[in-house]
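Have a look at the structure below before the remarks.
Every number here is computed from the coordinates shown, using simple stated rules; none is lab data. On a predicted model such as this, the values are computed, not experimentally measured, just so you know. FYI the Cβ positions are ideal-geometry reconstructions off the backbone, even for glycines, and counts take in every protein chain you see.
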Amino acid sequence: MFRFIARRLLETIPVLLIILTATFFMIRLVPGGPFTTERAVSPEVLKNLNAYYGLDRPLGEQYARYLWNLCPKTFAPWRLFEGDGLDLKAAFGIDLGYSTKYTNRTINEIVAAKLPVSLELGGWALLVALGVGLPLGVLAAARRNTWLDHTASSFAMLGICVPTFVMGPLLVLVFAITLRWLPSSGWYFPSDRVLPAVTLGLVYAAYIARLTRGGLLDVLSQDYIRTARAKGASELRVVFGHALRGGLLPVVSFLGPAIAGVISGSFVIETIFQIPGLGRQFVESAFNRDQPLVLGTVLLYAVLIIGLNLLVDIVQVWLNPRLKFE
Amino acid sequence: MFRRKLNNLEAGNSLGADAWRRLRANRAAVAGGVFVLGLAAACILLPPLLGLSYSEQNLALGATPPSVEHWLGTDIHGRDLFARILYGGRISLMVGAVASLVALVIGVSYGAISGYAGGRLDRAMMRVVDIIYALPFTIFVILMMVFLKDPMDRLDAWLRGFDWLSGLQGAGRILGLFAAIGAVEWLTMARIVRGQVLSIKKLDYIDAARVLGYGPMRIIFRHIVPNLLGPVIVFTTLTIPSVILLESFLSFLGLGVDAPLSSWGTLIKEGAEKMEDAPWLLIGPGSIFALTLLSLNFLGDGLRDALDVRSGKH
C-alpha cells in the first residue's frame, strides 16, 4: 500500500510540471499582454509596468523565476491558518506572484480569501450529492421495478439533463422569489449555503443514485447474496450488511470525476449566486486576462484535483485490493 | 478487388439491420431521435419560411408573456422568443455537431494510431491524454478561449472588411469554440478507439493485410477503422449533448458566442437575469435545452444497446 501511494505521488510531479509549463507558455504567447486591454496606456507607462512585473525579461528567465517561486521552501503546515484564510506563503513558501488586475494584492492573498469559500461550497455540494443520491439509489435497487424505482430513476434522468445553470435560476425563482423561504444570493448566513449547495449537488446526486442502483443490482444477483437469503437473513441485513460494500465500488470511482465536476460547476454557481469564491474569480481573471491569476488558479485546481483523485484511488484500492496491480 | 471484398463483408453480416431493428423497438430512443431531427429541421427551415427575425425589435411591445402572436412570448426588446430559440438552436446544434466531428476525427486517428503502433509510442501518446485528463475539460476550454480570443477577434475584424461576407459575422468566435471544444472532447474517443484497436489488431485478417505488404496507415484507416464504426457512432451521439452543454456553459459565463449572435446558453443567461419580471424567458429556452439533452442521451443509450457496444463514458 505504501509503495502504491509513493508511486502515484511520484507520478503526479511530471504531470503538474507539464501542466504548469504548457499553461505558462500558452498564456505568455497570447498576442497582447495583460495591459493592452486598458484604455490609453502611454508607451512609457507600459514599459514601466512590464518592468515592474518582470515581463520585459526573456521568457526563459520569467519561467525559471516563476518555477522557483512556486517551489515549496519551508514546511510549516500549522501556519496555514495563521492569517485570514489559507496562508500558503507562511506555510510552504509558495509565492504565486502578483495579480495584474488587482494591483494592490498578491495572488496568495486572493487565493487565501477565496479558496476557503469555494471549498466550503464544494463540500456542502458533495454532502448533498451523497446524502440524496445514496439513499435514493439503495431504495430504487431494493424496491426494483416498483413505482419507487421508477420515480427515483426519472428524478435521476431529470437531474442529469437539467444543467446547473438552468436549475439554479429555477430554484431561485421558486424558493427565493416566489416562496421567499431562502435568500437568492450572497454568502453571509448559513441559509445562504442551501440553494447553491443543492443546485451544485443535485446533478451529482442524480449520477450517484443511478450508479448506486446499478452497482447494488449487480451485487444482489450474485451467489453469496442468494446464500444469505437462503439462510434467512432479513432484506435489511442483505442490503446493508452484505451487498452495500460491494455495490458502492462504482460510486467511489465516480467521486473523482464528481470532484472535478463540482470544481467546474462552481464557476457557474458562484456567478449565479454572487458568491465570492475562487471559481468566479477564475472566470473573471480569464475575462480580464489577468495572466498570473489565471496561471495560479489553474495550478491550484490541478493540485487540488490530482490530490483528491489520489485520495479516491487509495480508498478504492483499500475497498478492492485487486486494483493495486492494474 | 479490395473494395468489392469489403462491400461483400458488409453485406454478409446483418449487424446494421439487426441494430436498426433493435433501435426501432426502443421507444425512448426513437422519440429522442425524432425530436432532435424535428428540432434541427425546424431550426433550419422555419425561420426563412415564417419570415421570423431574431433581431427585429419592438421596443413599444417590450417583454410580453406567451400569446397567440408570440408563442413563447417576447424579450425586453420585444423580440420574438420562439424565433430567438430557433436561431439559437442553429448555433447550439451546429457547434454540437461540428465540434463533435472535430473530436471524432482527432480522437479516431489518434486512438487508432496509438493502439496500432503499440510500445513506446503508444505509451507516450496515452500519457499526453492522461495529462490533459488531469484537468476538468471546462478549465481547459476556458484557457483555450482566452488563448484564442485575440486571433479570433482579428479574424472577425478581417471578415467585416468584406461586404459579401457579412453573413459570417461572429464566425471567429464560433471557430474558436469549435477548436477549443474539439480540442478536449477527443480524449475519451481516443481512449475508446485505442482499446478497440488493441483487440482488433490481433485478428488474422490484419496479419493477412500485413503479409500482403500494406503500410500501417493503409491498414489502420482501411482495415481497422471501418470495423470501429459501432462504438464510434455511439460515442459521437453521446459527445454531441456534452458539447452542447459545454458551449452553453461557456456562453452562460460570457465566454462563448457574442451578440448579435445568440446560442441557447446566452438565451438562458438573459432569461436568468430577467426571471423576476419575465420567467418565461428562462423557462422557454431552458426546457427546450433540457429536452434536447434528454433526447440525445436517450438516442445515444438506445444506439449503444442496439449496437451492443460497451463504451464506458467516464
For chain A, return all DSSP H helices satisfying: extent of Cα atoms along own axis at least 18 Å; mean Kyte-Doolittle hydropathy at least 0.0.
-> A:2-28, A:107-142, A:147-161, A:194-220, A:249-272, A:291-319
Pseudo-spin-label distance residue A:71 to residue A:149, built 7 Å along Cα→Cβ, given in nm, is 6.0
Helix-only CD estimate at 222 nm, as mean residue ellipticity for the protein assembly as shown, using -39500 (n - 2.57) per DSSP H run (n ≥ 4) | -23500 deg cm²/dmol
Relative contact order (percent) for chain A, with alpha-carbon contacts under 8 angstrom and 6 or more residues of separation?
-> 21
Viscosity 1.567 mPa s, temperature 4 °C: Stokes-Einstein D of chain A from its Kirkwood Cα radius, in µm² per second?
-> 57
State the three equivalent ellipsoid semi-axes of the protein assembly as shown, derived from the C-alpha gyration tensor as the square roots of 5 times its eigenvalues, in descending order and whole Å.
-> 37, 33, 31
Segment B:34-307: relative contact order in percent, alpha carbon pairs under 8 Å with at least 6 residues between | 24
Taking K and R as +1 and D and E as -1, what net charge do the other residues with C-beta under 10 Å from the C-beta of residue B:237 add up to?
-> 0
Where the Cα atoms of segment B:34-307 are projected onto their three principal axes, how long is each span, largest first, in whole Å?
-> 76, 42, 37
With at most 10 neighbouring Cβ atoms within 10 Å, loop trypsin sites (Lys or Arg not before Pro) (DSSP) excluded, longest segment of chain A = A:40-179
Cα Rg over Rh - segment B:173-254, Kirkwood | 1.15
At 0.36 nm per residue, minus the direct Cα-Cα distance, what do residue A:6 and residue A:303 gain on full extension? Give it in nm, one decimal, please.
-> 105.3 nm
Short version: ³J(HN,Hα) in whole Hz for each residue of segment B:151-159, in order, from phi by Karplus 6.51 cos²θ - 1.76 cosθ + 1.60 (θ = phi - 60°), x for Gly and Pro, what are they?
-> x, 6, 5, 5, 4, 4, 4, 5, 5
Signed unit charges on C-beta, dipole axis of chain A, positive-most listed residue A:264, A:230, A:169 | A:230
Contour excess over end-to-end distance, with Cα ends at residue A:222 and residue A:104 and 0.36 nm allotted per residue | 36.2 nm
